[in-house]
Amino acid sequence: MALDSRPRLVLWDIDHTLLESRGIGHDVYERVFPAVTGEPLRELSLVQGSTELDIIHNTLRLHRLDCTQGSVTRLAAALADGYREAVDELTTRGRVLPGAWRALADLAADPGTWQSVLTGNTTEVARIKVEAFGLDRYLDLSIGAYGDDHRDRAELVGIARARAGRQLGSEVPADRVVLIGDTPNDVAAALVAGARIVGVATGKYSADALRAAGAPVVVASLTDLPALRGVLG
Ligand SMILES: [Mg+2]
């Protein structure tokens, strides 16, 4: 059978898939929340697999604060500032997960494969995290989709496809899009959008939980390059 020559788009989740920031996200929220809202941060809404817009909305609501466009925008901007100030902490406390560098380099060697991110982080915070560790060497951030593009993670797949299509000058079919992520929300986003998914059990969710969410292939970590390759073909 002839090789499929249509472009392929690999969209990486960031947190607990490519890297872990080890509590810095919570710390940054704690630092910037009072300045924006006048209230101390008492509770952060569920973070895993959520988009930042969702986290901001739900966290404001948990504090019985008004959730206006203005307050959401101010908090998102303050978070980016907070991360910018925490870059040194990010690189000393955080780390790139085992196998990530090799997997990125391996896929980068494939002609016809483009790599970017599909993440709940805002565009700015995603850029700060990825660049802090130098992972932007392999990722074209201009064709990714982010947690400030849409509240619903599944919508991010279409946004990334549209961006990639414009950049490449040719449409990327949904079945040539592969998401790699660590949460049931990553799995659901891919399945709803007709994309493929590889679950990576390096976050809060077990391989069984990711399989139960519908991921046909789950790897224990990105060091399992043969399994990853098997899915990508
Ligand atoms: Mg994640």
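Considering only DSSP beta bridges with both partners in the chain, what is the antiparallel share in %, to the nearest 5?
Close to 10 percent.
Just the accessible area per residue of the stretch 24-91, please: how many Å² with a 1.4 Å probe?
Per-residue accessible area for the stretch 24-91 comes out at 51 Å².
Using only the Cα atoms of the chain, what do you get for the radius of gyration and for Dmax, in Å?
Over the chain's Cα set, Rg and Dmax evaluate to 17.4, 63 Å.
For the stretch 24-91, how big is the tail of P(r) above 21 Å, as a whole percent of Cα pairs?
Taking all Cα-Cα pairs of the stretch 24-91, the fraction more than 21 Å apart is 16 percent.
Given the Cα-Cα distance of D140 and L168 and 0.36 nm per residue of separation, how much length would full extension add, in nm?
The D140-L168 span can extend by a further 8.9 nm.
So, with +1 on the Cβ of K and R and -1 on the Cβ of D and E, and no other charges, what is the size of the charge dipole of the stretch 50-145 about its Cα centre, to the nearest 20 debye?
240 debye
What distance in nm separates the two pseudo spin-label positions at H63 and E85, each 7 Å out from Cα along the beta-carbon direction?
1.5 nm
For a quick check of understanding: with a 1.4 angstrom probe and all protein chains in place, what accessible area in square angstrom does R31 have, to the nearest ten?
Its accessible surface works out to 120 Å², give or take rounding.
Counting only protein heavy atoms and a 1.4 Å probe, tell me what percentage of the chain's accessible area is made up of carbon and sulfur.
For the chain, the apolar C and S fraction of the accessible surface comes to 51 percent.
The values are calculated or read from the model by the stated rules, or taken from the named source; none is laboratory data. This is a predicted model, so every value here is computed, not measured. Neighbour counts run over all protein chains shown; Cβ positions are idealised from the backbone, glycine included. Each accessible area value is taken on the protein alone, full model and side chains, heavy atoms only, with ligands, DNA and RNA left out. Shrake-Rupley method; radii C 1.70, N 1.55, O 1.52, S 1.80 Å.
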